[in-house]
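Report on the structure given below.
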Ligand SMILES: O=C(O)c1ccccc1NC[C@H](O)[C@H](O)[C@H](O)COP(=O)(O)O
């Protein structure tokens with residue numbers, strides 16, 4: 001079994017780490033550079049920084065943040081939020097990011113995935129998919145892709161979109177369940193397994209982590225390659241090393 005990765009996620013709003021539930025009621029969770037360094041020190045395998053209110057004028061904030069983080073962490077980190085061009089990616093990678101995560105811009109223009117993979121290599125292009133289980137106009141309940149920080153439902157079915165982004169050259173998928181985000185009730189294991197079982201690229205599961213057992217479930221039932229979490233780390237409810245020791249005892253391969 002490939003080593004499973006534990007990835008803290010720092011959702012960034014106006015330069016601060018925030019955390020909500022189901023993508024709303026955001027509250028302050030600390031300084032992202034400080035938190036990033038702490039998580040790296042505590043044994044996180046990677047970090048994700050998501051500028052969830054990404055606008056053009058936030059772009060400079062993000063570049064400055066990346067430079068500061070790069071000085072303080074020695075593990076791979078991914079930056080996402082409002083990225084929509086080869087120039088955006090170049091600037092972030094040159095500032096020290098190891099990977100970028102694209103979401104709304106990929107839905108808006110799927111060819112962007114092909115272009116970025118060709119220009120920078122698939123290994124540094126993650127496509128983030130925010131998904132919610134909703135009743136569509138034809139009365140069927142389906143997992144539907146949402147964009148713009150979860151505010152806009154699209155016409156895309158999550159499973160089909162996951163397949164398409166892989167075919168277009170995505171190196172990994174960051175699959176965030178809006179239904180489980182912030183609830184600490186567990187990851188969306190069934191959906192994660194459906195996507196993981198149909199993909200040959202790594203799937204990072206995100207949204208809902210509340211206990212150490214939830215990580216065991218997302219790796220065994222959800223078949224995820226990595227577990228991403230925010231609430232339980234920011235609010236100091238789970239220690240990363242203790243989590244990894246727990247997973248190793250369960251027979252999950254982790255880096256300790
Ligand atoms: O991804 C977004 O665009 C977004 C926008 C607004 C608020 C939250 C957002 N994403 C949710 C984050 O990716 C969040 O870090 C993950 O869902 C993990 O959250 P936890 O359930 O607290 O571990």
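The table below lists the values:
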{"read-out": "Residue within the range 208-222 that is more than 13 Å from residue 162 (Cβ to Cβ), buried (at least 20 other Cβ atoms within 10 Å of the Cβ) and out of contact with any helix residue (DSSP H, G or I) (no Cβ under 9 Å at 6 or more places or on another chain) present", "value": "no"}
{"read-out": "Residue 56 being out of contact with any helix residue (DSSP H, G or I) (no Cβ under 6 Å at 6 or more places or on another chain), over 21 Å from residue 23 (Cβ atoms) and modelled with pLDDT under 95", "value": "yes"}
{"read-out": "Search result, residues across the range 64-87 that are touching a strand residue (DSSP E or B) at 6+ places or on another chain (Cβ under 9 Å) and not in a loop (DSSP other than H, G, I, E, B)", "value": "65, 66, 69, 70, 77, 78, 79, 80"}
{"read-out": "Set 121, 171: member being touching a strand residue (DSSP E or B) at 6+ places or on another chain (Cβ under 8 Å), surrounded by fewer than 23 Cβ atoms within 10 Å (Cβ to Cβ) and touching a residue at least 12 places away in the same chain (Cβ under 8 Å)", "value": "171"}
{"read-out": "Matching residues, the range 226-256, being surrounded by fewer than 19 Cβ atoms within 10 Å (Cβ to Cβ), modelled with pLDDT of 95 or more and at negative phi", "value": "239, 241, 242, 245, 246, 248, 249, 250, 252, 253, 255"}
{"read-out": "Matching option when the condition is within 13 Å of the ligand (Cβ to nearest atom) and within 27 Å of residue 121 (Cβ to Cβ), among 238, 195, 204", "value": "204"}
{"read-out": "Residue, nearest to residue 48 (Cα to Cα), within the range 119-163, restricted to residues that are assigned to a strand (DSSP E or B), at pLDDT below 95 and within 13 Å of the ligand (Cβ to nearest atom)", "value": "147"}
{"read-out": "Top-ranked residue of the range 19-46 - restricted to ones that are at pLDDT 90 or above and within 14 Å of the ligand (Cβ to nearest atom), ranked as surrounded by the fewest Cβ atoms within 10 Å (Cβ to Cβ)", "value": "35"}
{"read-out": "The range 25-55, residues that are under 16 Å from residue 235 (Cα atoms), in contact with a strand residue (DSSP E or B) (Cβ under 8 Å, 6 or more places away or on another chain) and touching a residue at least 60 places away in the same chain (Cβ under 8 Å)", "value": "29, 30, 35, 39, 44"}
{"read-out": "Scan of the range 215-234 for residues that are in a helix (DSSP H, G or I), within 15 Å of the ligand (Cβ to nearest atom) and more than 22 Å from residue 159 (Cβ to Cβ), ordered by number", "value": "215, 231, 232, 233, 234"}
{"read-out": "Breaking point among (1) closer than 24 Å to residue 119 by Cβ; (2) part of a loop (DSSP other than H, G, I, E, B); (3) touching a strand residue (DSSP E or B) at 6+ places or on another chain (Cβ under 7 Å), for residue 200", "value": "(3)"}
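The values are calculated or read from the model by the stated rules, or taken from the named source; none is laboratory data. Treat the numbers as computed from the prediction; the structure is a model and nothing was measured. A quick note on method: Cβ atoms are made from the backbone with ideal geometry, for glycine too, and the neighbour counts reach across all protein chains shown.
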